1. Give the span of the range 39-159's Cα atoms along each principal axis, as three whole-Å numbers ordered largest to smallest.
2. List, largest first, the extents of the alpha carbons of the chain along their principal axes, each in whole Å.
3. Tell me which of Phe82, Tyr19, Phe68 sits at the most positive position along the dipole axis of the chain, charges placed on C-beta atoms (Lys, Arg +1; Asp, Glu -1).
4. Relative contact order for the chain using alpha-carbon pairs under 8 Å, separation at least 6, rounded to a whole percent?
5. Just need the relative contact order of the range 9-92 here, percent rounded to a whole number, with Cα pairs under 8 Å and 6+ apart.
6. How do Arg190, Arg55 stack up against each other in accessible area, from largest to smallest, with a 1.4 angstrom probe?
7. Quick check: pseudo-label points 7 Å beyond the Cα along Cα→Cβ at Arg73 and Ser59, how many nm apart are they?
8. What are the lysines whose alpha-carbon lies under 22 Å from the alpha-carbon of Lys116, with same-chain residues fewer than 8 places away excluded?
Amino acid sequence: PGFSPLNALNKSRNSKALYTDVEVNLLENLTIDGALRYEDYSDFGNTFNGKIAGRYSISPAFGLRGSFSTGFRAPSLQQQYFNNIATDVVDGVLLNSGIFNNDSQIAKTLGIPKLKQETSQNATVGFTLSPDKAFSLTVDAYQIYVDNRIVLTGNFGNDVYGDEVPELRALFATAGASTGRFFTNAVNTRTRGIDVVLSHKA
């Protein structure tokens, strides 16, 4: 079936933001940077997020640095409202599978909650080394926590051995589908890594 006039939507969002950043040399060899961002969404309320970073120069050639910040991401309009029906092949059988938005009657019947914003906490620590004008090295370790990350679920109603499959199939049939998927705040993630940048001017 693909896209039909039933999938057409006209949705919008407004947001206002204010950002400020201050950098101060507390000492000759110590720099502190602080930033604050306020944002107001017409459909997700408002949020304050901040960042603090610092750099300490032990010598002209070697310095330590680090930062901590928080983040916020409202669900995209596509994640909130995208919907369509496509044909999948499951165990050799053609099945119409729908992606239903969280405002749909099917989502409400199944108890699928409305999407929430994603939030994050980010931290880095590292050093810089520049023994001469031709050579430089930076090493930074980082860690990023993301809460309520938005992902697309698997197909509800695909498990041929599930006890609730007939009821699910009957529910999805009201929209011309056999199975259904939804965007949801399903996971929390942690990303860790080390960035190493080595430069040399020959």
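1. That gives 67, 40, 21 Å along the principal axes, largest extent first.
2. 71, 39, 31
3. Tyr19
4. The normalised contact order for the chain reaches 18 percent.
5. Rounded, it is 22 percent for the range 9-92.
6. Arg190, Arg55
7. Label at Arg73, label at Ser59, 4.1 nm between them.
8. Lys11, Lys16, Lys108
The values are calculated or read from the model by the stated rules, or taken from the named source; none is laboratory data. Note that the structure is a prediction, hence the values are computed from the model and not measured. Positions of Cβ are backbone-derived with ideal geometry, glycine not excepted, and every protein chain shown enters the neighbour counts. Side chains are part of the model used for accessible areas, which takes the heavy atoms of the whole protein and leaves out ligands, DNA and RNA. Shrake-Rupley method; radii C 1.70, N 1.55, O 1.52, S 1.80 Å.
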